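Values in this text are rule-based calculations from the coordinates and carry no lab data. Keep in mind that what you see is a predicted model, and the values were worked out from it rather than measured. Neighbour counts are summed over all protein chains in view; Cβ atoms, including those assigned to glycine, are modelled from backbone coordinates with ideal geometry.
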Amino acid sequence: MRSRILLALAAIVLAAGTAAAQNVPPRPALPRNADPNDWEAYFDRGTELLRTGPREADEYLYWARRLNPARAEPLYAHWIAQHLQNVRRWEAWMRDDPRVLASPEIIQLDSLMLRAQVRNPFVHRGLMVLLYEATPGYWGSDLYTRGMLQYSTGQLDQAVNTLSAYVERNPRKLGARWNLVLALVSSGKMDSAQVVMDTLVVRMRQRDETEMVRVYESKEMQEYASGLLALARNRPAQARAAMEQAIVENAGSWYAHAGRAMALRAERRPAEAAEEMAAALELAPEDAVLRFNYGGMLIDARKPAEAAVQLRRATELEPWWADAWLSLGDAERIAGRAAEAIAAYEHYLALAPRSASATAQGVQGHIERLRQPVAAAPAP
């Protein structure tokens, strides 16, 4: 396994929310009948263009991640697009060229990958094949290469079998074990993925402490990923234990605190969940997704007015995110502020994708009820 270098990415990632609100490019044209409010419409068009025009593809991927900043897919595809625009730099990065690793561009790209990992460590990475296609040389014929090609092209059952065979023969190859987890999750084999993930985490803990790794490949990130996998399997106590271990590994990992908050929420401990998410926000105050989740936890804790403050800030950071406006409307409605709730709900309706028609219908009902005059009290 090639060596890795630990990069100080926190400041870059924390600034990402502020930067996202500036220098907004115009929206590129979508195919006919595509929904301009749907992040997937921009994502699909962007990924179609990656092979032939990565710079143009990035214009679409920008809007995919602005319309739904909670999704990892647009961030990951943006990382691919950036590398495709400079394949020589990608090759140097793969060789661990120290000058390239220390360059501001690569540090920025590593921060981008960290953000994608935080959103979803198990996001499918089939687009990686485009980088290898663009790199001079030939495909290998070993088990690992075959397994990754099968994974990239959606042959998930074959990928699981091939990568399992490779890991069995090469148990010290932690990267291959991680890719087996990805293949298992993508194929829906969550219990098997957890077994492999648990082994990976144990081996990560045993790794030489002097070996340096990127932040998004660190022990705390693997613990965090293990916790999210446990949450997906409806094992909140197991998830919380993993998140707490991630905090032990690095108390400054805002995503580990956020993960613990999500586990507490799943355990139906809303006050503790909100308190833990507040700790995460102290470390990453400009992350709109954290604000969004914090607002939901405050609603759970029966603090709708406080939730509205957090959700309004989320809409300021990501003004095109429909779900943030929806949650803000809910918080304002529960807090008894009809005018504010109506305004937020109307923003949601203007931004909601067609696929959310059932939700939009329910929101329209809220608006109609909020606009009804309060019935006069009966005479004594």
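Taking a point 7 Å out from the Cα of residue 70 in the direction of its Cβ, the residues of segment 217-232 whose backbone N falls within less than 17 Å of it are 228-229, 231-232.
Within the shell of other residues whose beta carbon sits under 15 angstrom from the beta carbon of residue 336, the net charge comes to +2, with Lys and Arg scored +1 and Asp and Glu -1. In a reduced charge model with +1 at each Lys and Arg Cβ and -1 at each Asp and Glu Cβ, the chain shows a dipole moment near 420 debye about its Cα centre. Using C-alpha pairs under 8 Å with a sequence gap of at least 6, the mean separation divided by the residue count of the chain gives a relative contact order of 14 percent. Of the trypsin sites (Lys or Arg not before Pro) found in segment 261-347, those in coil by DSSP whose Cβ has at most 16 other Cβ atoms within 10 Å are 268, 302. Hey, what angle do you get for helix 10-20 against the long axis of the chain, alpha-carbon based, 0 to 90 degrees rounded to 10? The answer is roughly 50 degrees. Hey, what D do you get for segment 218-286 in µm²/s if you plug the Kirkwood alpha-carbon radius into Stokes-Einstein at 4 °C and 1.567 mPa s? Estimated diffusion coefficient is 115 µm²/s. One Cα centroid belongs to segment 330-358, the other to segment 250-312; the line between them spans 21 Å. The value obtained for the chain, namely the Cα convex hull volume divided by the number of residues, is 155 Å³ per residue.
Within the straight-line cut-off of under 24 Å between alpha carbons, the lysines reachable from residue 173 are 189, 219, sequence neighbours fewer than 8 places apart in one chain being disregarded.
Relative to the longest principal axis of the Cα atoms of the chain, the long axis of helix 190-206 lies at roughly 60 degrees.
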